[in-house]
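As structure tokens, the structure follows; a few thoughts come after it.
The values are calculated or read from the model by the stated rules, or taken from the named source; none is laboratory data. Since we're looking at a predicted model, the values are computed, not measured. As a convention, Cβ positions derive from the backbone with ideal geometry for all residues, glycine included, and neighbour counts pool all protein chains shown.
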Amino acid sequence: MNLSIKWLAIAAATVAIAGCNGGSTASSTTGDTGGSTPSGDTIKVGLVASINGALKPWGVDSQSGAQLAADEINAAGGVNGKKIELIVEDSNSTPEQGKTAAERLIAKGCVAVVGEVASGITAQIANAAAEKKIPVVAVGATKTDLPGIGDYVFRVCYTDDLQGPVMATFAYEALGLRKVALVTDNKQPYSTYLSKTFRDSFVKQGGQIIDEQFYESGNTQFSGLLTNLKAKNPDGLFLSGYFTEVGPLVRQAKEAGLNAKYLGGDGWDSAEILTSGGDAILGSYFCNHYNNQEDRPEVKGFLDKWKAKYGGVPGTTMGALGYDAIALVGDALKRAKSPTSADVLTAISETENFAGVSGSITLKGMGGNPPKRALVVELQKGGQIFAKAYEVTDVKK
């Protein structure tokens with residue numbers, strides 16, 4: 001997330017989930033051509049977030065960021081006199097419940113759905129939304145080949161086609177690593193694809209991938225794969241999974257005598273990784289979208305508004321990306337010919353140079369994937385420290 005960087009603890013405040021009625025008299029209808037058409041004095045926009053479950057730090061932040069953006073739009077007069085009604089449904093950090101959450105939002109008449117962070121959950125949201133021709137704006141789902149990309153699904157984040165090569169380039173050029181092993185979560189599409197893009201780029205640059213070991217989300221003991229890795233003696237390990245397993249995995253790796261340099265993707269982005277990883281994970285690097293210390297007016301303004309509403313700063317990147325996703329939908333609503341799903345979809349697809357907190361976002365002609373820069377941050381006691389920024393042209397894919 002940004003340029004000179006320290007992460008503080010996760011913001012304690014959590015926004016209450018908005019209900020379907022919320023005191024509004026609005027109603028929505030779904031026509032034969034698909035999509036939703038709002039009526040009444042509000043426009044319903046849905047958010048699927050991991051309010052509970054293993055990915056809760058991301059869900060809480062994305063919800064808070066989304067609500068902040070919706071409140072800002074409404075305070076400025078809304079969209080052509082109509083207020084945005086943000087309706088939140090909980091994925092409980094699972095793909096199955098993510099799809100159910102999206103179906104509930106569509107049934108309630110939401111003209112667009114925002115979410116999720118995890119790619120596996122977002123894929124199920126995309127499947128549900130495509131059936132009804134509802135546009136989806138993903139918050140942090142980086143897996144490149146999400147279903148419906150460019151037709152009904154867009155995102156405000158970079159993809160793993162950038163993130164993997166960024167970390168491969170950093171490993172090879174900045175750290176001088178030549179023999180790297182991969183550790184992949186076989187249960188997460190995000191992890192399997194991120195490992196692939198890292199591998200492809202690192203090998204192309206002249207490095208060697210000397211081993212790949214696998215686990216599944218929910219594992220807590222990694223002795224078997226660590227024994228195999230230690231025998232290969234890598235000088236770097238790329239762990240493409242989520243913070244929930246990476247912290248304990250790195251702690252156990254250090255205890256097993258694996259003194260390699262540890263690297264990962266934006267799935268590491270949670271203060272919990274410092275608790276679960278302890279001193280073992282300090283000095284490790286991962287890729288991120290944004291940072292609270294970046295010297296840009298969009299960041300400073302966002303943090304001022306966040307502090308005023310919630311206190312402190314966002315604990316994860318998803319606060320900024322959740323804000324950007326709703327702000328982008330609001331911008332599209334203002335440009336759309338009408339507040340119907342079909343016209344909002346068209347307006348989202350025509351977005352150019354939207355000044356997001358996480359950077360400029362262009363979707364027009366991009367097939368749903370905005371070209372974004374990426375940051376590499378180092379984990380130190382107390383948070384993340386900026387290491388290097390990469391533009392799309394800086395990396396070898």
Enumeration of residues in the stretch 36-53 that are buried (at least 24 other Cβ atoms within 10 Å of the Cβ) and in contact with a helix residue (DSSP H, G or I) (Cβ under 7 Å, 6 or more places away or on another chain):
Ser36, Ile43, Val45, Gly46, Leu47, Val48, Ala49, Ser50
If Ser195 satisfies every condition in (1) under 24 Å from the mean Cα position of the chain (by Cα); (2) among the polar types (S, T, N, Q); (3) over 17 Å from Lys261 (Cα atoms) but one, which is the exception?
(3)
Candidates Ala118, Ala129, filtered to the one that is over 25 Å from Thr42 (Cβ atoms), in contact with a Phe, Trp or Tyr (Cβ under 8 Å, 6 or more places away or on another chain) and surrounded by 24 or more Cβ atoms within 10 Å (Cβ to Cβ):
Ala118
Taking the conditions exactly as written (surrounded by 24 or more Cβ atoms within 10 Å (Cβ to Cβ), more than 21 Å from Gly267 (Cα to Cα) and in contact (Cβ under 8 Å) with a residue 12 or more places away in the chain), does Ala327 satisfy them or not?
yes
Log entry, pairs with first residue in the stretch 221-234 being under 20 Å from Gly247 (Cβ atoms), second being acidic (Asp, Glu), beta carbons closer than 9 Å, six or more apart or on different chains, reads Phe222/Glu245; Leu226/Glu255; Leu229/Asp211; Pro234/Asp211
Can you name the condition, by its number, that Gly164 falls short on among (1) in contact with a Cys (Cβ under 9 Å, 6 or more places away or on another chain); (2) farther than 23 Å from Thr144 by Cβ; (3) among the small types (Gly, Ala, Ser)?
(2)
Inspect the stretch 188-206 for any residue being assigned to a strand (DSSP E or B) and touching a strand residue (DSSP E or B) at 6+ places or on another chain (Cβ under 8 Å) and give the result as yes or no.
no
Subset of the stretch 269-299 that is within 21 Å of Ser93 (Cα to Cα) and without any contact (Cβ under 8 Å) to a residue 60 or more places away in the chain - its residue that is surrounded by the most Cβ atoms within 10 Å (Cβ to Cβ)
Ser276
Those residues of the stretch 275-312 which are modelled with pLDDT under 95 and among the β-branched types (Val, Ile, Thr), in sequence order
Val299
Among (1) crowded, with 21+ Cβ neighbours inside 10 Å; (2) outside any helix (DSSP H, G or I), where does Phe302 come up short?
(2)
Checking the structure you have, find out if any residue of the stretch 158-172 is closer than 30 Å to Thr346 by Cα, in contact (Cβ under 8 Å) with a residue 40 or more places away in the chain and charged (D, E, K, R).
yes
Of all the strands (runs of 3 or more DSSP E) wholly in the stretch 57-169, which have at least 3 residues that are of a type outside the set (Asp, Glu) and under 17 Å from the mean Cα position of the chain (by Cα)?
136-138, 153-155
For the stretch 154-191: of the residues being touching a Ser or Thr at 6+ places or on another chain (Cβ under 8 Å) and of a type in the set (Val, Ile, Thr), which is farthest from Ala332 (Cα to Cα)?
Val183
Residue list for the stretch 235-252, restricted to those being hydroxyl-bearing (Ser, Thr, Tyr) and in contact with a helix residue (DSSP H, G or I) (Cβ under 7 Å, 6 or more places away or on another chain):
Ser240, Tyr242
